[in-house]
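Scroll down for the structure; my scribbles are underneath it.
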Amino acid sequence: MQKTMAEVRRVAEAIGWSAETLVRAWEVAGIAIAADPPEVRVKRYNHAYDVAFSVVSNDPEGLDVTPAMFRAAMLRRIKQLDVEAAVGGWEGACGAPYDTYEEEGDVG
């Protein structure tokens with residue numbers, strides 16, 4: 001019978017022993033301990049996209065546009081893209097990413 005170090009750590013924590021003590025006990029009992037398999041790190045990438053939307057205001061330079069107006073316009077655009085999704089609405093609106101970088105560490 002063979003156990004991995006991951007199993008050793010899990011069982012040791014469950015019974016309140018140190019991993020080293022459990023390894024010694026299992027080795028005395030004839031249970032071999034194998035090293036954990038190497039962790040496979042999957043590369044993850046962060047992509048930035050632009051999505052256009054419009055806001056109607058009374059000022060020719062848009063100086064009267066408020067955060068609430070931006071939010072309402074963006075929500076309208078999202079609903080429109082959801083309706084157009086069957087014909088490539090989202091893909092057409094987003095296009096290709098304009099910036100990409102590899103994420104560092106674990107990403108959720």
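The table below lists the values:
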{"quantity": "The stretch 55-66 residues that are closer than 21 Å to ILE78 by Cα, paired with ones that are of a type in the set (D, E, K, R) and in a loop (DSSP other than H, G, I, E, B) (beta carbon under 8 Å, 6 or more apart)", "calculated": "SER57/ASP64; VAL65/ASP59"}
{"quantity": "Within the stretch 34-49, considering residues that are out of contact with any strand residue (DSSP E or B) (no Cβ under 6 Å at 6 or more places or on another chain) and either of a type in the set (Ser, Thr, Tyr) or surrounded by 10 or more Cβ atoms within 10 Å (Cβ to Cβ) (or both), the one nearest to LEU81 (Cα to Cα)", "calculated": "TYR49"}
{"quantity": "Restricting the stretch 22-44 to residues that are over 28 Å from the mean Cα position of the chain (by Cα) and in a loop (DSSP other than H, G, I, E, B), the residue that is modelled with the lowest pLDDT", "calculated": "ALA35"}
{"quantity": "Check on GLU7, acidic (Asp, Glu) and either in contact (Cβ under 8 Å) with a residue 60 or more places away in the chain or surrounded by 11 or more Cβ atoms within 10 Å (Cβ to Cβ) (or both)", "calculated": "yes"}
{"quantity": "Residues (closer than 16 Å to ASP50 by Cα, of a type in the set (Val, Ile, Thr) and in a helix (DSSP H, G or I)) located in the stretch 63-104", "calculated": "ILE78"}
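The values are calculated or read from the model by the stated rules, or taken from the named source; none is laboratory data. All figures in this text were calculated on a predicted structure; none of them were measured in a lab. Heads up, the Cβs are rebuilt from the backbone with ideal geometry, glycines too, and the neighbour counts pull from every protein chain shown.
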